[in-house]
Amino acid sequence: MVWHTAADGSVNQGNPSWQAFTGQTEAEYRGWGWLDAIHPDDRPGAIAAWQAAVRQAEPVELGYRLRRADGSYRQMQAQGAPVLQGDTVREWVGVCVDITAAREAEQVLRQSEERYRFLDQLGQATRSQTEATEVMATTARLLGEYLGATRCAYADVDADSDRFTIRNDWTMPGVPSSAGVYSLELFGPQATSNLRRGLHLVVRDVDRELGDEGGGRMFNAIGIKAIVCTGLVKGDRLVAMMAVHQATPRDWTAQEVALVEEVVERCWAHIERVRDAAMLRDRDRRKDEFLATLAHELRNPLAPVKYATAMLRRAQDPAQRAQAQDVIDRQVTQMARLIDDLLDLSRINRGLIQLQPQRIDAAAVVRQAVEVTRPAIEGARHKLEVRLPQEALWIDADPTRMVQVLGNLLGNAAKYTPDGGAIQLSAHRDGGTVVLEVADNGIGIPPEEQGRLFQMFMQLGHSAGRARGGLGIGLSLARTLVEMHGGAIAVRSAGLGAGSTFSVRLPPAVPEPEQDDAPRIAAGAEPRKQRRRACWSSKTTPTAARCSSPCWTCSATTWPPRPTGRRRSNGRRPSIRKWCCWTWACRAWTAWRSAAGCARSRRWTTLSSSR
């Protein structure tokens, strides 16, 4: 844009290019009216520089913001020179160049340099840190100071994306900390949805932009009037957030929002590396402890076995030889148990374990687990209370593996409860799940260590004195087996000395379709109101009995005839007739196997007519 003025610096003739750019009419810019198009903040400086150049009759270069015809201000660079006639100035001629784009490019470059210098400073400050909380604290402090914010915080988001935890934050002096656990719903439904999708929450004025239901109540409660909260989404899940708070309304720039976004990405990546490194160190330490414990546990039985072997060679007394054999049997059994656990663990890790699920009553699993662990419980003089419901709790599970799980929990309860303690084993239905619980009044578990309890080779420090052996793989194995059944295992404890409760939740078995049994009931007989578990022996009268093996459920109103042809001369037990009284034909084979299982049992116990 070319311009020209009179010798005194005023405009005394029309200037089409100025008129087209500024939108001023000739009447408006004539004289000194052209100064009205300059930004009010730049006008005093421009007038002073222009008048000084006019007085000295020297070339001039000015920089100011000039209002364009659309009302926006543009950065201008004006250059002018006097046109002399002899020794006097006849007029001034010059040009104005719009340098807005160049200034903006310079500003972007300058901001980029500052941003990279800050990110480099942040990287240098956190590179040597090995604790996640230190990384969070340093990042929040440097970002808050750089942006001149009131408060800055990094938050971990729970796996369910419903809660977030601020472990520590940075605040200006006198501003309270916001550390704690919060629900995402406090942000309001729209903001929560956006954060979960990786969109940012940018509020320049809380009172003007948010209502109470939109999160304004929460921000006002902590004295915040402006906020930037950037969420980080990994694998379609919100994993972390970085929040910058301001106590007064603030017009956040796009560059500031982008910086917060990059900082949370870098901070999360560094924290994950730190946590992974800490996990590897912890696993390496626990592996070394495991190998040392394994060597110790496998070596321990060898001394008694060697001693008992020497006794067998020298002892002539049958009682001493029997005692030595008992010692060898106990120690070999202990070694076999340890090796079996290791083999199970190896099979699970390689995906070689195959469950053999059956439709079973959870009460049967409870009873078998009690039998397995009874010696340990009685040896420590614990009081065991078993609570079972009247109705059956049917589950589809591998009986052997579920007995292994409950046996492990009961064994731990006996081990980590002082002698003479109380242990409670219960089974009940909770909504749509079957719950098996083992509770004790033992040494308890600190809350901060409960999350690590099911990790491989984990042995808590406060329990080392009562461990009495073990490799720290029992609970990890139990969790894996329960999860293979589609269930979950959890622990609750109020802390040291407060006991603990382990809960196993399993899906119930799919109900069998009910069928009409009326045509299969003998004519003239009244159907029974209760079902009974029945198996019968070859003694004089058919007896309702229960053996240790599962028996079939019989709905019949008559009993099978007494078996004949008993043989006692050769000492063999009379065979069990393979009957299934008035039951469905498709269960005949199952009933025969159950009866055969009963026949192998050496002990019968009377079963009442109802469960």
ask   = Taking strands (runs of 3 or more DSSP E) that fall entirely within the range 369-449, which contain at least 2 residues that are of a type in the set (S, T, N, Q)?
value = 422-430
inquiry  = Condition check: free of Cβ contacts under 8 Å to residues at least 60 places away in the same chain and either over 17 Å from Gly407 (Cα atoms) or over 46 Å from the mean Cα position of the chain (by Cα) (or both). Does Gln368 satisfy that?
reply    = no
query = In the set Arg74, Arg67, which member is buried (at least 16 other Cβ atoms within 10 Å of the Cβ), touching a residue at least 40 places away in the same chain (Cβ under 8 Å), among the charged types (D, E, K, R) and in contact with a Lys or Arg (Cβ under 9 Å, 6 or more places away or on another chain)?
reply = Arg67
note = Residue count, the range 393-419, condition open to solvent by 20 Å² or more (accessible area, probe 1.4 Å) and in contact with a Lys or Arg (Cβ under 7 Å, 6 or more places away or on another chain), comes to 5
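So that you can scan it fast, the table gives a plain yes or no per residue for (1) more than 20 Å from the chain's Cα centre (by Cα); (2) free of Cβ contacts under 8 Å to residues at least 24 places away in the same chain; (3) open to solvent by 40 Å² or more (accessible area, probe 1.4 Å):
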residue: Gln107; (1), (2), (3): yes, yes, yes
residue: Glu113; (1), (2), (3): yes, yes, yes
residue: Phe118; (1), (2), (3): yes, no, no
residue: Thr126; (1), (2), (3): yes, no, no
residue: Thr138; (1), (2), (3): yes, yes, no
residue: Glu145; (1), (2), (3): yes, no, yes
residue: Arg151; (1), (2), (3): yes, no, no
residue: Arg167; (1), (2), (3): no, no, yes
residue: Thr171; (1), (2), (3): yes, no, no
message = Going by what's in this entry, would Ala413 be described as over 17 Å from Arg479 (Cα atoms) and out of contact with any Phe, Trp or Tyr (no Cβ under 7 Å at 6 or more places or on another chain)?
response = no
ask   = Would you say Thr133 is part of a helix (DSSP H, G or I), in contact (Cβ under 8 Å) with a residue 60 or more places away in the chain and over 30 Å from Tyr64 (Cα atoms)?
value = no
Subset tally (residues that are open to solvent by less than 70 Å² (accessible area, probe 1.4 Å) and either charged (D, E, K, R) or not in a strand (DSSP E or B) (or both)) for the range 77-100 = 5
ask   = Mind checking which residues of the range 258-312 are of a type in the set (Val, Ile, Thr) and under 30 Å from Gly231 (Cα atoms)?
value = Val260, Val263, Val264, Ile271, Val274
task = Considering every residue within the range 219-239, establish whether at least one is over 28 Å from Gln111 (Cβ atoms), assigned to a helix (DSSP H, G or I) and of a type outside the set (Ser, Thr, Tyr).
result = yes
inquiry  = Please count how many residues of the range 19-52 are in contact with a Leu (Cβ under 6 Å, 6 or more places away or on another chain) and within 19 Å of Pro82 (Cα to Cα).
reply    = 2
ask   = Condition test on Ile353, is it open to solvent by less than 70 Å² (accessible area, probe 1.4 Å), in contact with a Pro (Cβ under 9 Å, 6 or more places away or on another chain), outside any helix (DSSP H, G or I) and at negative phi?
value = no
query = Inside the range 54-64, can you point out the residues that are part of a strand (DSSP E or B) and open to solvent by 80 Å² or more (accessible area, probe 1.4 Å)?
reply = Glu61
inquiry  = I'm trying to understand the selection: among the residues of the range 208-222, which are surrounded by 14 or more Cβ atoms within 10 Å (Cβ to Cβ) and either at pLDDT 90 or above or out of contact with any strand residue (DSSP E or B) (no Cβ under 7 Å at 6 or more places or on another chain) (or both)?
reply    = Gly214, Gly215, Gly216, Arg217, Met218, Asn220, Ile222
query = Within the range 425-435, can you find the residues that are over 15 Å from Leu384 (Cα atoms), over 23 Å from the mean Cα position of the chain (by Cα) and either open to solvent by less than 30 Å² (accessible area, probe 1.4 Å) or aliphatic (A, V, I, L, M) (or both)?
reply = Val434
remark   = Across the range 274-300, the tally of residues that are surrounded by 13 or more Cβ atoms within 10 Å (Cβ to Cβ) and either at pLDDT 80 or above or in contact with a Ser or Thr (Cβ under 9 Å, 6 or more places away or on another chain) (or both) stands at 3
query = Restricting the search to the range 1-21, which residues are surrounded by 15 or more Cβ atoms within 10 Å (Cβ to Cβ) and in a helix (DSSP H, G or I)?
reply = Trp18, Gln19, Phe21
ask   = When residues of the range 232-256 are filtered for being open to solvent by 10 Å² or more (accessible area, probe 1.4 Å), within 15 Å of Val203 (Cα to Cα) and under 28 Å from the mean Cα position of the chain (by Cα), how many remain?
value = 2
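The values are calculated or read from the model by the stated rules, or taken from the named source; none is laboratory data. Given the structure is predicted, the values throughout are model-derived calculations rather than measurements. All Cβ positions, glycine included, derive from the backbone under ideal geometry; neighbour counts span all protein chains shown. Heavy atoms of the whole protein, side chains included, go into the accessibility calculation; ligands, DNA and RNA do not. Shrake-Rupley method; radii C 1.70, N 1.55, O 1.52, S 1.80 Å.
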